[in-house]
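One structure below.
The values are calculated or read from the model by the stated rules, or taken from the named source; none is laboratory data. The structure displayed is predicted, hence computed values, not measured ones. Every residue, glycine as well, gets a Cβ built from its backbone with ideal geometry; the counts of neighbours run over all protein chains shown.
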Amino acid sequence: MNDVRIQPLPPVMTTDEVAQLLRCPPESVARYVFSHQLGAIRIGRERRFRAEDVLEFVASRPLTARPAKRHLKRTPRR
């Protein structure tokens, strides 16, 4: 088995740290902020994210994506 250790989140994170945690580009993190889906603290020209806000954002996301209806069409039986 792999020896995987889960590290605790720092109380405050940068945009790059949040992007790495979410496995998305930093531009996506900025989009989440602008659409008010993810809260951020502004310090000068930079943003910081509280661990609680990031965890709440992750918890609010759907667990799985729904397949498009076109993929659910059945082929007619012959």
(request) Out of Val58, Val54, report the one residue that is more than 14 Å from Thr15 (Cα to Cα), among the hydrophobic types (A, V, I, L, M, F, W, C) and at pLDDT 90 or above. (result) Val58
(message) For segment 9-51, which positions are within 22 Å of Leu63 (Cα to Cα) and assigned to a loop (DSSP other than H, G, I, E, B)?
(response) Leu9, Arg23, Cys24, Pro25, Ser35, His36, Gln37, Leu38, Gly39
(message) Looking at (1) at pLDDT 95 or above; (2) under 12 Å from the mean Cα position of the chain (by Cα), which one does Arg23 not meet, given that it meets all the others?
(response) (1)
(message) If Met13 satisfies all but one of (1) aliphatic (A, V, I, L, M); (2) in contact with a strand residue (DSSP E or B) (Cβ under 6 Å, 6 or more places away or on another chain); (3) free of Cβ contacts under 8 Å to residues at least 40 places away in the same chain, what's the number of the condition it fails?
(response) (3)
